Amino acid sequence: MHPRRFRHIGLALSICVTGYLAGADFGTRDQRFAKIMVSRPPDQLLRGRTLLIKSQNGVAFNALPALSSAISQGMSSDFTLVNADPDLTLTFSVTAQEPVTTRTYTVSEPRGIYITGVPVTYWEANGKLIVQVSVTNRSNVPVDSFTTKGGYSKKIETTVAGKPTQVQLPGRQQLDLEQLQAVAAEIQRRYTKTTETVQVRLAVPDPLKDGLKLAEQNQWKEALAQWTGVKAAKYEAERAYNMAVANEMLFYGSDYLNNPEEGDQPVQEAARLYAEALRLDPKEKFFQQAAERSAEMQSNLTRAKQQWAILQRERELLEASVTKTDTTGPGAKTINGDDATNRPDTTDEADFRDNIRTRLRARDEKPGPDYVAELEKAGTGSYKLQPANAKRVVQQELTAWEDFHNNVTQYRQMLKDFIGKDKTLDAKERDQLNRFATRTQLSKEDVAAIEAEVQFTDLTRPAATPAPAKPQEVKPPARPTPTPRPAPQK
């Protein structure tokens, strides 16, 4: 056979195998991506404008100044950093450290037309830096506390089939800096609004190509309209997926952080379409990844609504407490900003707040108007507060109580949905529950009380090992009764 004929056969085989590996939906020959700027609200809303950051003794750690600088840089996006008289004080301490270590290893992985795999060498760095963080207000009342996960990992491909990838590996100084920045990013994510870029793969079947061209020009509304109207009977999963990506892009492109209602429609559509794509093709990994993004998107909107409601109620209380005569003339109070709603408590207000929080925590039903009036009366009487200030504290704590019970209800329903009819909870479902509890600040005791209400099997926990049977007590044999000796004969 002529050598050229062999080359033609090899080319045909290469194309067929590549198409098989990549699939018709996300082919390696025509890759399309969307970069979504994921904006998210803080995990914990802090009410204050000025912030003091200080360290506290923990384990021996020689880079505290560098860590403090990284934390300060992250928090400066939402707070004014000061050295004295702050609204809030953030204190951190290093509780555990594992310095970054590196290793190189080789594995066999499928690449291109090589189904059986080719040797790929990786360089990997791992370390751990766990930091305990607490926040207090001007009256030194605890506002929030948490512990960072602290895990740091970096993986770089250095050779493929023996050929170097021409990448420059980071040095020790850069690795140490990245580890500090990873911890600072966790703290920033908890207390400030953050944005990160997520690259999302798009489906590329021919009926969707016109919409892809519009998406590449950042015309997502037009792309969504094109995909909505196109007929693609053989590619319904891909069409639903691309439409969901468009809605996700429109959601994060909205001003939902300041006006949550703008996010309702695109979030609902994105969640519905992602679920539809996964239902039609449950084995597609890109659809599975999208389901996780969809859950986070809904969580972001829920949290934005809760935080917006808290701030809105405080604004309404402030407006109600300021008369028209107070808004004009020298020394007038402003009602246009957050100064009054975000101001720290006085000592009396902090004591009153602790009392109200304890009393409300024990209640299962929402307090009625008479009970609320009784609480406010306690503030003006026993704690000598002005009526507006007593009302402000009570209303803020009522909001916190409502948020807590809403979170408990959501957790209870989420648990019920996860365990289903088989009454079983797997590792992925447990991770979702843990993440929800962390985001909503449900304590371990709260979670344990909720889960004690239902009977289910938790696959993430080892089965209880029965206690070994107690050994039977072996009684010593009875000593024989001595035979009396005969009396000696006289």
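The values are calculated or read from the model by the stated rules, or taken from the named source; none is laboratory data. From a predicted model like this one, the values you see are computed outputs, not experimental measurements. Note: ideal-geometry Cβ built from the backbone for every residue, glycine included; neighbour counts use all protein chains shown. To get the accessible areas, we keep the full protein, side chains included, count just its heavy atoms, and leave off ligands, DNA and RNA. Shrake-Rupley method; radii C 1.70, N 1.55, O 1.52, S 1.80 Å.
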Per-region count, segment 69-90, residues within 24 Å of ARG40 (Cα to Cα) and in contact (Cβ under 8 Å) with a residue 24 or more places away in the chain
14
Hey, GLU261 hits all of (1) open to solvent by 30 Å² or more (accessible area, probe 1.4 Å); (2) closer than 27 Å to GLN306 by Cβ; (3) outside any helix (DSSP H, G or I) but one; which does it fall short on?
(3)
Going through segment 411-432 one residue at a time, which ones are within 20 Å of SER299 (Cβ to Cβ), open to solvent by 30 Å² or more (accessible area, probe 1.4 Å) and in contact with a strand residue (DSSP E or B) (Cβ under 7 Å, 6 or more places away or on another chain)?
PHE418
Answer yes or no: is there a residue in segment 177-188 that is acidic (Asp, Glu) and more than 30 Å from THR148 (Cβ to Cβ).
no
Positions within segment 221-258 being in a loop (DSSP other than H, G, I, E, B) and either closer than 22 Å to VAL38 by Cα or of a type in the set (Asp, Glu) (or both), in sequence order
GLY253, SER254, ASP255, TYR256, LEU257, ASN258
Mind checking which residues of segment 360-401 are out of contact with any helix residue (DSSP H, G or I) (no Cβ under 8 Å at 6 or more places or on another chain) and open to solvent by less than 80 Å² (accessible area, probe 1.4 Å)?
GLY368, TYR371, ALA373, GLY381
Inside segment 43-91, the number of residues satisfying the requirement of being under 25 Å from the mean Cα position of the chain (by Cα) and not in a strand (DSSP E or B) is 20
Please indicate, with yes or no, whether at least one residue in segment 269-283 is in contact (Cβ under 8 Å) with a residue 60 or more places away in the chain and loosely packed, with under 15 Cβ neighbours inside 10 Å.
no
For segment 127-170, name all the residues that are open to solvent by less than 60 Å² (accessible area, probe 1.4 Å), among the β-branched types (Val, Ile, Thr) and touching a residue at least 12 places away in the same chain (Cβ under 8 Å).
ILE130, VAL131, VAL133, VAL135, THR136, VAL141, VAL143, THR148, ILE156, THR158, THR159, VAL160
Residues VAL183, VAL200: which one is open to solvent by less than 20 Å² (accessible area, probe 1.4 Å), in contact with a strand residue (DSSP E or B) (Cβ under 9 Å, 6 or more places away or on another chain) and in a strand (DSSP E or B)?
VAL200
Which numbered condition in (1) within 15 Å of VAL200 (Cβ to Cβ); (2) modelled with pLDDT of 90 or more is the only one that THR302 fails?
(1)
Has segment 478-485 got any residue that is modelled with pLDDT of 80 or more and either crowded, with 16+ Cβ neighbours inside 10 Å or β-branched (Val, Ile, Thr) (or both)?
no
